[in-house]
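Any read-out appearing in this document is the output of simple, stated calculations on the displayed coordinates, not a laboratory observation. What you see is a predicted model, and the numbers here were worked out from it, not measured in a lab. Cβ placement follows ideal geometry from the backbone for every residue including glycine, while neighbour counts extend to all protein chains displayed.
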């Protein structure tokens, strides 16, 4: 699961280096939803790690991008996940410059979609046998 049961988002639980992002992006997306793509690759650590990519072209306002990152990190912290490197990438526009940057409805929709994404990946990871299993 996420290590010692800690619900923090310390630096060791983040994917921060470019080569770490690249190694996860090299693989096919593990899961897709209406707005997000999840890339995942098993790691050699005792805990899961997370990287979030929210491009300006899909979320033109900084407040929206920050909300996406905040909601993603919150769900990552409270969801028990196997030791896998996860990258959540925004792949479709969530709102425009004309509408409000963040709303309760947007946050709720993001939570539902990201919860579904993590749950599907977690269930998939639990079904797969360990690589060194006979």
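Return the Rg/Rh ratio of region 11-127 with Cα-based radii and a Kirkwood Rh. Rounded to two decimals, Rg over Rh is 0.96. Among 68, 15, a tally of other beta-carbon atoms within 10 Å of each Cβ gives an order, fewest to most, of 15, 68.
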